[in-house]
Amino acid sequence: MTVTVLAILETDFVPAKHLAKIMNDRLNRAAKELADVHLKALTGRGFSKDDLVVYLSYNPKYKIRYRIVNDVPADIEYFVAECCGCLGYILWRTNVIAIDQQTEADYTNPALSGNKYDEN
């Protein structure tokens, strides 16, 4: 398994220039440490075509957050969550995509779904 940890330096907020340099250096060090030390046990595990990609970034309260961006088995996801939790990183929550009302009505109305078994 190939382990890649990327520091996402662009944030939702704009810190002061002197603070941004310190934050970016800290984030790059955290990404390197996470990949080289904490997730080193996953290197070489599983099939060679398997990859683990983790993004690190800051939230607006200057806490480091993480997100696994590809599909991995549950045990690897749990291992990454355990490592990141011990380091004080928080899970990077994504925004929910809004579905317009017409599309939602198409999914909830059995007459429009085209499935004869859904109709009463």
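The values are calculated or read from the model by the stated rules, or taken from the named source; none is laboratory data. As the structure is a prediction and not an experimental result, all values here were calculated from the model. Every residue, glycine as well, gets a Cβ built from its backbone with ideal geometry; the counts of neighbours run over all protein chains shown. These area figures cover heavy atoms from the full protein model, side chains too; ligands, DNA and RNA do not enter into them. Shrake-Rupley method; radii C 1.70, N 1.55, O 1.52, S 1.80 Å.
General remarks:
- Residues satisfying the stated conditions in the stretch 11-20, i.e. under 26 Å from ASP36 (Cβ atoms) and either in contact (Cβ under 8 Å) with a residue 12 or more places away in the chain or surrounded by 15 or more Cβ atoms within 10 Å (Cβ to Cβ) (or both): THR11
- Going through (1) of a type in the set (A, V, I, L, M); (2) farther than 15 Å from THR4 by Cα; (3) modelled with pLDDT under 90 one by one, LEU87 falls short only on (3).
- If you go through the stretch 57-94 and keep only what is open to solvent by 50 Å² or more (accessible area, probe 1.4 Å), of a type in the set (Ser, Thr, Tyr) and touching a residue at least 24 places away in the same chain (Cβ under 8 Å), you end up with TYR62, THR94.
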